[in-house]
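Asks: One structure, pasted below without further comment.
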Amino acid sequence: MPLKRSRELKPLSSEHHQALLVAYQLRKGLAGHGESAGAPRDLPGLVALARRYEEGLLRTHTRAEEELLGRHLDPDRLRRLTFEHQELVRLLDLAKGPRPADARQALQAFAELLERHVRWEEQELFPFLEGRVEEAELVHVLAELEKRLVLNKLERQAAKRS
């Protein structure tokens, strides 16, 4: 049964849906499945998919979560949030390395962590925040998220033109 998400956190949940698709594509592609939701099956293509995800969404998304939601978290949740975000970036950096076996292993670990992390946020972290943070603050979070999403989109479009 799908979780009901507050309107204010829906932009992040929407990006989580994209993250789960990337994780699925990476897992299927690495396993050599023909049906991989449009993902490439070769290692360079999978690394490129992960790189596009990192540049287009991951960095902006994780920064927004840490800056906008982090101040409402207890130390344990904040520590897990930031550690897992850092670990995702570290794994992607490993996947860009010169050794194919290391890249495959790093992409596999990245896909697994990305899925676990998103499910933790959706099933535990966001409900915690929705029960703890006042609606006026969530409205402020939504406004800031929307602003960041628009800026990120404009930056990506400008980068494509240059």
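The values are calculated or read from the model by the stated rules, or taken from the named source; none is laboratory data. From a predicted model like this one, the values you see are computed outputs, not experimental measurements. Don't worry about glycine lacking a Cβ; one is built from the backbone with ideal geometry, like all the others, and counts go over all protein chains shown.
Asks: Against the conditions (1) in a helix (DSSP H, G or I); (2) crowded, with 16+ Cβ neighbours inside 10 Å; (3) of a type in the set (Gly, Ala, Ser), where does ALA39 fall short? Just the number, please.
Replies: In the conditions (1) in a helix (DSSP H, G or I); (2) crowded, with 16+ Cβ neighbours inside 10 Å; (3) of a type in the set (Gly, Ala, Ser), ALA39 misses (1) alone.
Asks: Restricting attention to region 135-162, which residues are under 13 Å from ALA64 (Cα atoms) and basic (Lys, Arg)?
Replies: Passing the criteria: LYS147, ARG148.
Asks: Right, next: Consider only pairs whose beta carbons are under 6 Å apart and that are at least six residues apart or on different chains; among these, list those whose first residue lies in region 17-41 and is at positive phi and whose second residue is modelled with pLDDT of 90 or more and among the polar types (S, T, N, Q).
Replies: Matching pairs, first to second residue: ALA37/GLN25.
Asks: Please work out which one of (1) of a type outside the set (Ser, Thr, Tyr); (2) farther than 23 Å from LYS153 by Cα; (3) at pLDDT below 95; (4) out of contact with any Gly (no Cβ under 7 Å at 6 or more places or on another chain) is the condition ARG116 fails and give its number.
Replies: Of the numbered conditions (1) of a type outside the set (Ser, Thr, Tyr); (2) farther than 23 Å from LYS153 by Cα; (3) at pLDDT below 95; (4) out of contact with any Gly (no Cβ under 7 Å at 6 or more places or on another chain), the odd one out for ARG116 is (3).
Asks: A further question follows. Could you list, in sequence order, the residues of region 107-123 that are surrounded by 12 or more Cβ atoms within 10 Å (Cβ to Cβ) and within 24 Å of HIS72 (Cα to Cα)?
Replies: Those that are surrounded by 12 or more Cβ atoms within 10 Å (Cβ to Cβ) and within 24 Å of HIS72 (Cα to Cα): LEU113, LEU114, GLU115, ARG116, HIS117, VAL118, ARG119, TRP120, GLU121, GLU122.
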